[in-house]
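Data block below; observations after.
The values are calculated or read from the model by the stated rules, or taken from the named source; none is laboratory data. Predicted model only: the values in this text are computed from it and were never measured. Don't worry about glycine lacking a Cβ; one is built from the backbone with ideal geometry, like all the others, and counts go over all protein chains shown. In case anyone asks, the SASA skips ligands and DNA or RNA and just uses the protein heavy atoms, side chains included. Shrake-Rupley method; radii C 1.70, N 1.55, O 1.52, S 1.80 Å.
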Amino acid sequence: ATAATATAATATAATATVDLSTDVKSEGEVSTASTSSPPATSSSTTTTPEAASIRKKIATIKKKSKDDRATIGDRQRCTVLIGVTMSGEKLPPFLIFRGRAKGRIQREYKGKTEYPKTCKYAVQENAWMDKSVFLEWIELVWKPFCRDKVQSGTYILMDEFSVHMMTDCTDRLRECGTKIDFIMGGYNDKLQVLDVGNITDMFKDFVKEEFDEFQRSSSNGASSVAGEGSTVTSGGSGGGGPVSRDKKPTRCDIAKFVSDAWKKIPSDSIQSTWSAIGYHAQQSLVIDA
């Protein structure tokens, strides 16, 4: 057995994926269809106008990719790392966008004041959690949370995701004065607060509500431009009037959806879930290894 401190500073964290149709672009990426080369031809074959046009397009795409300006406009993925404490506090949502370090997208959220200050941001090529991104979460979210808890110490409970268990990551957490424990595989639905309390599902539902409201509000005046190619349908999730399906959210809009959705999660639900599972705040707790 190992001794650990479990107080109101005990926290758990998990990831949620937000997948919405957006008009935002991923930097430095080209779709396969755009870059596929035409069939090889011998040097003696006469070049047709169609082949010349294809080669011209390919050359243009490659140049843009080289300059880190090539984009695509398909469905974009955004991963959100969320965490809650035993006292009911909600850690700042950590959004991971698809992009490159020091690239255009990173410059965007660091430079635009419209991005919610209640969230923290990072980029990764596939908008997923890897070691460098998790270390960034520790630096931007966990370390500030621990700053005034040096004396009492902190305790974090995570699932056995490979990145969470990397030595560099656990060492960085311990440098914050944090004791670490992992939920064994297959037990998340019994021991992970965010799963047991349906907090992750609740959060995703609230994000969807924010998205639907965004579409409804965007339909104001959409009928006036319907002749220009806008698509307007009635209804939508929860009703509330016509919805414009042509209006796509930006990354900044998605950050606002996440921020507002996270605010709606009730703190008492978080606290009661910790207790219902059997976690209780006390000065010292012996944990079976």
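Using a probe radius of 1.4 angstrom, the carbon and sulfur fraction of the accessible surface of segment 88-215 is 50%. Modelled label positions at Lys143 and Cys252, each set 7 Å beyond Cα in the direction of Cβ, lie 2.8 nm from each other. Projected label points at Thr118 and Leu191, each 7 Å from Cα along the beta carbon direction, are separated by 3.2 nanometres.
Packing here is the average count of other Cβ atoms within 10 Å per residue, and on that basis the peptides 269-281, 106-118, highest first, run 269-281, 106-118. Using θ = phi - 60° in the Karplus curve 6.51 cos²θ - 1.76 cosθ + 1.60, the 3J(HN,Hα) couplings for segment 95-105 round to 8, 10, 8, 7, x, 10, 4, 6, x, 4, 5 Hz; x is entered for Gly and Pro. With only Cα atoms counted, segment 81-184 has Rg and Dmax values of 14.3, 41 Å.
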